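A short worksheet on the structure shown next.
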Amino acid sequence: MEKYPIVAGNWKMHKTTTEGKSFVEETINMLLDIEKVTIIFGPPFTALFDLDVKTPFFLGAQNCHWESHGAFTGEISTDMLVDCGVHYVIIGHSERRHVFHESDDWINRKVHAVLNAGMTPILCIGEKLEDRESDNTQSVLSSQLIEGLKGIDSLENIVLAYEPVWAIGTGITASVGQVNDTHNVIRQELKVVFSDSESETVPILYGGSVNPGNATELISVDGVDGFLIGGASLTSEPFTEIARQVEQHMKEKS
Ligand code: PGA
């Protein structure tokens with residue numbers, strides 16, 4: 001099956017169930033003719049319930065626990081997500097890593113749990129500004145990849161998202177050159193563990209202040225297979241406009 005580029009929205013802690021439902025309906029109605037883009041809505045847990053979406057639209061969760069059930073107050077298991085019709089789970093988002101101090105070990109357990117439940121993890125990696133300024137981007141990304149993907153033998157059902165922490169929610173986007181270089185670095189690092197062909201083809205999304213003003217330029221970067229979008233995924237206009245730019249790019253390519 002052909003893999004289409006992904007436009008994924010991460011709503012973070014925004015939208016009630018009611019708001020989410022009407023947003024999803026409105027957005028789908030605006031994108032009924034989309035053919036070559038996979039579109040993922042990433043609501044908070046409460047708004048995942050009772051959303052009915054069909055290909056090319058999918059539901060993504062923003063987190064999960066690695067155990068299937070048990071005494072884990074405040075957590076949500078992969079079974080619960082599957083039951084809501086979720087296909088993708090964002091794992092290791094920079095806010096989970098840096099605000100909630102999730103370790104690489106936890107992130108790795110979650111990646112396994114998501115795969116075992118038959119869903120696709122969107123594993124987020126990204127360096128902080130101080131890492132980039134001290135020339136440590138490659139080593140940070142390499143260790144996030146190696147630790148996050150420990151014990152995984154194939155990249156077949158994995159999506160990666162490169163999100164430089166300094167570009168998230170700041171309005172500062174990584175430059176085309178930085179994105180191109182970093183996606184190449186990620187693919188090279190993957191080759192240390194995985195086959196060349198999987199490392200070359202695993203979808204790597206870019207995330208960090210993506211908006212309708214930079215989407216066309218960024219989707220044209222070699223090695224960028226779509227976007228993970230925060231702020232611009234919360235209203236239909238920018239989100240659908242980004243999806244249209246990605247679709248247009250695909251049409252021009254074929
Ligand atoms: P942003 O967020 O698009 O608002 O920068 C991206 C993300 O956190 O995934």
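Roughly how many debye, to the nearest 20, is the charge dipole of the chain about its Cα centre, given +1 on each Lys and Arg Cβ, -1 on each Asp and Glu Cβ, and no other charges?
200 debye
Which value, in Å², gives the accessible area per residue of the chain when a 1.4 Å probe is used on the protein heavy atoms?
Averaged over the residues of the chain, the accessible area is 46 Å².
Please give me the summed charge of the neighbours of His93: other residues whose Cβ is under 12 Å from its Cβ, Lys and Arg +1, Asp and Glu -1.
+1
Dipole of the chain (Lys/Arg Cβ +1, Asp/Glu Cβ -1, origin at the Cα centre): which of Cys64, Ala167, Ser220 lies farthest to the positive side?
Cys64
For Glu75 and Thr46 in the same chain, what is the full-extension length gain: residue separation times 0.36 nm, less their Cα-Cα distance, in nm?
Values: separation 29, 0.36 × 29 = 10.44 nm, distance 1.23 nm.
Additional length available on full extension: 9.2 nm.
Would you tell me the accessible area of Leu205, worked out with a 1.4 angstrom probe on the heavy atoms of the protein chains, in Å² to the nearest 10?
Approximately 0 Å² for this residue.
If I take R0 = 30 Å and measure r between the Cβ atoms of Lys253 and Asp83 in this structure, what FRET efficiency does the formula 1/(1 + (r/R0)^6) give, to the nearest 0.05?
The calculated FRET efficiency here is 0.20.
Over 28 Å between C-alpha atoms is what I'm after, so list which of Lys12/Lys110; Lys54/Lys251; Lys36/Lys150; Lys150/Lys251; Lys54/Lys128 land there.
Pairs exceeding the cut-off: Lys36/Lys150; Lys150/Lys251; Lys54/Lys128.
Would you list the membrane-span-like helices of the chain, meaning whole DSSP H runs whose alpha-carbon atoms span at least 15 Å along their axis and whose mean Kyte-Doolittle value is at least -0.5?
Passing helices, by number: 137-148.
Give, as ranges by residue number, the residues of region 201-218 whose backbone N falls under 20 Å from the point 7 Å along Cα→Cβ of Asn157.
201-205
Once you sort the root eigenvalues of the Cα gyration tensor of the chain as a ≥ b ≥ c, which label holds: rounded (a/c under 1.5), prolate (a/b larger than b/c) or oblate (the other case)?
rounded
What value, in deg cm²/dmol to 500, does the helix sum -39500 (n - 2.57) over DSSP H runs of n ≥ 4 give at 222 nm once divided by the residues of the chain?
-11500 deg cm²/dmol
What spacing in nm lies between the two simple spin-label points modelled at Ser103 and Glu237, each 7 Å away from Cα in the Cβ direction?
Result for the modelled spin labels: 4.6 nm.
Return the sequence-ordered ³J(HN,Hα) values of region 43-53 in whole Hz as given by the Karplus equation 6.51 cos²θ - 1.76 cosθ + 1.60 applied to θ = phi - 60°, using x for Gly and Pro.
Coupling constants for region 43-53: x, x, 3, 5, 8, 6, 6, 6, 9, 10, 10 Hz.
For the chain, with all protein chains present and a 1.4 Å probe, just round the carbon and sulfur fraction of the accessible area to a whole percent.
On the chain, the fraction of accessible area on carbon and sulfur atoms equals 51 percent.
The values are calculated or read from the model by the stated rules, or taken from the named source; none is laboratory data. No experiment lies behind these values; they were computed from the predicted model shown. Every residue, glycine as well, gets a Cβ built from its backbone with ideal geometry; the counts of neighbours run over all protein chains shown. The area values use the complete protein model at the heavy-atom level, side chains included, leaving out ligands, DNA and RNA. Shrake-Rupley method; radii C 1.70, N 1.55, O 1.52, S 1.80 Å.
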